[in-house]
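The values are calculated or read from the model by the stated rules, or taken from the named source; none is laboratory data. Here the structure is a predicted model, which is why all the values come from computation and not from measurement. Quick reminder, even Gly has a Cβ in these numbers, built from the backbone with ideal geometry, and neighbours come from all protein chains shown.
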Amino acid sequence: MRQQSTGGWTEWFKSSHSGGSGTECVEAAYGPGGVAVRDSKGAGGPVLRFPAGAWETFLDGVKAHDGRGRELC
């Protein structure tokens with residue numbers, strides 16, 4: 001279930017790359033200067049917050065690798 005955030009954060013949304021089986025779900029929310037990430041199965045649990053620049057660097061790295069540590073050509 002999506003949860004409305006406060007303090008300038010958007011509503012949580014599920015990653016388009018989360019597993020289809022429902023066991024690997026990651027949710028994110030955009031906020032002032034960054035992104036918050038959490039496990040959707042534990043919505044009341046810990047939240048990781050990343051500054052915008054760090055999140056962009058992370059996404060660039062994910063896009064450049066195949067998930068097994070190998071660079072994509």
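Do the conditions hold for ALA36, that is, is it modelled with pLDDT under 85 and among the hydrophobic types (A, V, I, L, M, F, W, C)?
no
Here are SER16, SER21: which of them is surrounded by fewer than 11 Cβ atoms within 10 Å (Cβ to Cβ), at pLDDT below 90 and under 13 Å from the mean Cα position of the chain (by Cα)?
When all the criteria are applied, what remains is SER16.
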